[in-house]
Amino acid sequence: MSLYSEKVMDHFKNPRNVGVIEDADGVGEVGNAKCGDIMKMYIKVKDGVLVDVKFETFGCGSAIASSSMATEMIKGKPLADALKLTNKAVAEALDGLPAYKMHCSVLAEQAVQAAILDYYKKNNIPYDEADFKDVLSEHEHDHDHGEGEGE
C-alpha cells in the first residue's frame, strides 16, 4: 500500500502547468531549508484574474504534486480568491499527504502568495500585509522555518 493517494501520484507523474512564463506579471520563489525543496511560481494577470499560472519545483514528489494541484486550483480565479488558497485545501484536493510531507503544501501556498505579492509590488497596487504574513516573514527570516510547520 502506498503512502500517497492516487491524486498525489497522478500530479507527480503528470504535473500540470509546469514551466516558465517569460513575461510573467508576478514571480514568487520560496524554499524550505530543511528539506531543500524550492518552488517557483509564475503568474499572468488580466483584469485582476489569473489567466495563466506555471511552476518550476525542485523537490520531492509531494512538492511537485502540491505545486501542480495549487496551479490547477487558482488558474482562472480572481487574485483575491487565489490568496485564500490554503495548504490544507491543497492537501485535501490531493486526497491527503503524509503528515511529514505537509510542509510541501505549505510551500505551494507560500509560492502563490509570493507571486501575487510580486505582482502587487511591481504594479504599485496597495495590499494588506496580513494577506502575505507568511511570505513577508519568510523573507525577513531568510527561509528559516520554525513554528507553524506541519499544522
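Go through the stretch 58-68 and give me each residue that's surrounded by fewer than 24 Cβ atoms within 10 Å (Cβ to Cβ) and touching a Leu at 6+ places or on another chain (Cβ under 9 Å). If the condition is that a residue be surrounded by fewer than 24 Cβ atoms within 10 Å (Cβ to Cβ) and touching a Leu at 6+ places or on another chain (Cβ under 9 Å), then Gly59 is the only one that fits.
Name the residues in the stretch 25-45 that are free of Cβ contacts under 8 Å to residues at least 60 places away in the same chain and small (Gly, Ala, Ser), would you?
Across the stretch 25-45, the qualifying residue is only Gly36.
Among Ala111, Ala91, Ala82, which is the only one that is modelled with pLDDT of 95 or more, in contact with a Gly (Cβ under 8 Å, 6 or more places away or on another chain) and at negative phi? Unique residue meeting the criteria: Ala111.
When the stretch 58-81 is filtered for residues that are without any contact (Cβ under 8 Å) to a residue 24 or more places away in the chain and of a type outside the set (A, V, I, L, M), the ones remaining, listed by number, are Phe58, Asp81. For the stretch 72-112, filtered to residues that are crowded, with 18+ Cβ neighbours inside 10 Å and of a type in the set (Lys, Arg), the residue that is nearest to Lys54 (Cα to Cα) is Lys75. Assessment of the stretch 122-130 against the conditions (more than 26 Å from Glu6 (Cβ to Cβ), more than 15 Å from the chain's Cα centre (by Cα) and of a type in the set (Lys, Arg)) yields at least one matching residue.
Hey, can you tell me all the residues within the stretch 18-74 that are within 11 Å of the chain's Cα centre (by Cα) and among the polar types (S, T, N, Q)? Across the stretch 18-74, the qualifying residues are Thr57, Ser66, Ser67, Ser68, Thr71. Counting the residues of the stretch 117-133 that are more than 22 Å from Lys44 (Cα to Cα) and either surrounded by 10 or more Cβ atoms within 10 Å (Cβ to Cβ) or modelled with pLDDT under 85 (or both) gives 1. In the stretch 93-108, the residues that are closer than 20 Å to Gly31 by Cβ and in contact (Cβ under 8 Å) with a residue 12 or more places away in the chain form Cβ pairs under 9 Å with partners that are aromatic (Phe, Trp, Tyr) and surrounded by 22 or more Cβ atoms within 10 Å (Cβ to Cβ), at six or more places apart or across chains, as follows: Ala108/Phe55. Identification of helices (runs of 4 or more DSSP H) wholly contained in the stretch 1-98 with 2 or more residues that are within 20 Å of Ile125 (Cβ to Cβ) yields 79-82.
The values are calculated or read from the model by the stated rules, or taken from the named source; none is laboratory data. Everything quoted here is computed from the prediction, not taken from an experiment. Heads up, the Cβs are rebuilt from the backbone with ideal geometry, glycines too, and the neighbour counts pull from every protein chain shown.
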